[in-house]
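In what follows, a single structure is set out as structure tokens and then discussed.
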Amino acid sequence: MEEKGFSLIMPSFSLFFLVANASLVSSQTDSCSSKLSVGNLIPFNTSSLSCFSAWSSEDFILRYGKAGASEWSFVLSAPDVGTSISIGFSSNGMMVGSSAMAGWVSGGGSGTVKQYYLGGTSSRSCPPDQGSLKLVQGMSLIVSQNSRLFLSFQLTGQPFQKVIYAVGPSGSLPSSSGYLPQHRTMASGTINLSGGGGSGGSTVKGGKIPLIIISYSLR
């Protein structure tokens, strides 16, 4: 039998964040060869999304696809180790000056999805609830299924194809004010918007940057 619990996070800066936490009796892994196990919880159609192993060393799986004339859907899957995961897109692979999405689920089961403006390399220079991403309202979701996180959102506009992923320190969640801790590690890769798939993430070494290090821009 399946048990599901849901909580709704109120909108911030006109962005609606729907958050859900589910405890399901199923595998703790995710694979592109299997159907998305939380597809019925995500508020948009995930059946036709492209899928690939985005960052094999951290077991990141990315699903994405075009949802309309100017809308794109994204679902990032990663192990739930008590921290946040993040993803974004950049014209040059750089963080500073970009915007990002990050999501996490607290020990009590409360989920949070926020947008960030990446103004620098310190946590305080990357304020929450700011940024230039044009999200589709009511379509941002963070789901925890057993030991895995699923961060999903939709955006309007054409995303760049250079992608940066990041994960925070295990057991370290963002502060109550939403500021993110510095990441444990990050990686860069690409996605193919015309044909699907992409290149797996290559771990980036050096410098401490806030956990979100994922840049995102719109054409």
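What follows is calculated from the coordinates using simple rules that are stated; it is not laboratory data. For clarity, every value in this text was computed on a predicted model and none was experimentally measured. Quick reminder, even Gly has a Cβ in these numbers, built from the backbone with ideal geometry, and neighbours come from all protein chains shown.
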Distant-in-sequence amide H partners of Met186 (H built 1.01 Å from N, under 5 Å): Val204
Taking 22 Å as R0, compute the FRET efficiency from the Cβ-Cβ separation of Ser177 and Val96 and round it to 0.05. 0.55
Work through the residues other than Ser175 whose Cβ is under 13 Å from its Cβ and net out their charges, Lys, Arg +1 and Asp, Glu -1. +2
Quick one: which residues, 5+ away or cross-chain, put their amide H under 5 Å from the amide H of Leu118? H built at 1.01 Å from N. Gly97, Ser98, Ser99, Ala100
Based on other C-beta atoms within 10 Å, arrange Cys126, Cys32, Cys51 from fewest to most. Cys32, Cys51, Cys126
Everything considered on the Cα gyration tensor (a ≥ b ≥ c; rounded for a/c under 1.5, else prolate if a/b is larger than b/c, else oblate), region 61-178 must be described as oblate
Ser50 neighbourhood, Cβ < 13 Å, K/R = +1, D/E = -1, net charge +2
